[in-house]
Amino acid sequence: MCSYCCLPVVLACLGAVLQGVSGTDEGYVYLTREQESFVAYQTESSTNWSVSTQGSLHLNFRTSYKDGFLAFAKGPTGQLQLWLEEGKLRVEYSLSGTTKLAFTVGRRLNTDATFRLELLKNPERVIAIVHDSANGALHQVNEPHDLVWDLDSYVYVGGVRDTFTAKVKAPANFIGCISDVRLSSAVDVVSASAVAQRGVKTGNCTTYTFCQDGNKCARAVDCVNLWNDSRCDCRTAPKYGPTCSEHGENTHTAEILHAIPLIGQLDVGIA
């Protein structure tokens, strides 16, 4: 059995856990910020962080938005929040309304790639790891602490019930897909089963895209998926315009014609 006694052992245990996690493409697709939207998981005795000295939260997420809600857990006096802020992962733990632990992990976590988040808590430190399996990128933060964690209720993912909204710092809800949620109070990670959900749909996190459902761009490669919408990014000159269907030469010609009178005015002034 692995132990959280020291960092090298923790990382070795984490490597074994990652190798054993197969993941799944099936997840919950979040499409709106305008209504109550969340998936809730019940923390049972095997995943209760309130008295245990160990705990972990694991999930996959995929989004094109730089700001979004990831997870929230609350006990009688403690509160844990995870969210995306300007494309970075923000982690905060507060106790009796006072922020006791706060840090940021990674960057550009909104590239529409699938990221794996691993948050591990032990008596001395919190380890947050974000892994991009597609590109092999790994972001990691180790934060020491001397806190007694107090979390023994539900874990909300992608948003919270309206009754909790005032307690959350994170942006309203999440737009994208979250899958393969796992919880534990030890190294052995167990898949979590949702006990409640609202405002989400079950979908495939790798193939469900707005671009595929209705691409409005002139070329498929120019369509950028936003989950609840799409936009056209004209990546190849000389295309421009809202659908990348207009020719850039028109813009260049207009700039030249606009500059001719200016040149004439300058010549008159010099004379």
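The values are calculated or read from the model by the stated rules, or taken from the named source; none is laboratory data. Here the structure is a predicted model, which means the values were calculated and not measured. For neighbour counting, all protein chains shown are included, and Cβ atoms are generated from backbone atoms with ideal geometry for every residue, glycine included.
A quick yes/no check of all residues on (1) surrounded by fewer than 20 Cβ atoms within 10 Å (Cβ to Cβ); (2) among the hydroxyl-bearing types (S, T, Y):
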residue: V126; (1), (2): no, no
residue: D132; (1), (2): yes, no
residue: G136; (1), (2): yes, no
residue: Q140; (1), (2): yes, no
residue: D146; (1), (2): yes, no
residue: S193; (1), (2): yes, yes
residue: G203; (1), (2): yes, no
residue: D213; (1), (2): yes, no
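For segment 148-199, the tally of residues that are among the small types (G, A, S) and outside any loop (DSSP other than H, G, I, E, B) stands at 7. If you filter segment 101-123 down to residues that are in contact with a helix residue (DSSP H, G or I) (Cβ under 9 Å, 6 or more places away or on another chain) and of a type in the set (D, E, K, R), you find that the one that is surrounded by the fewest Cβ atoms within 10 Å (Cβ to Cβ) is R116. Each residue in segment 95-140 was checked for being in contact with a Gly (Cβ under 7 Å, 6 or more places away or on another chain) and under 16 Å from Q79 (Cβ atoms), and 2 of them qualify. For the condition crowded, with 17+ Cβ neighbours inside 10 Å and among the aliphatic types (A, V, I, L, M), V181 qualifies.
Flag not set for A71, criterion: of a type in the set (A, V, I, L, M, F, W, C) and either modelled with pLDDT under 85 or surrounded by fewer than 23 Cβ atoms within 10 Å (Cβ to Cβ) (or both).
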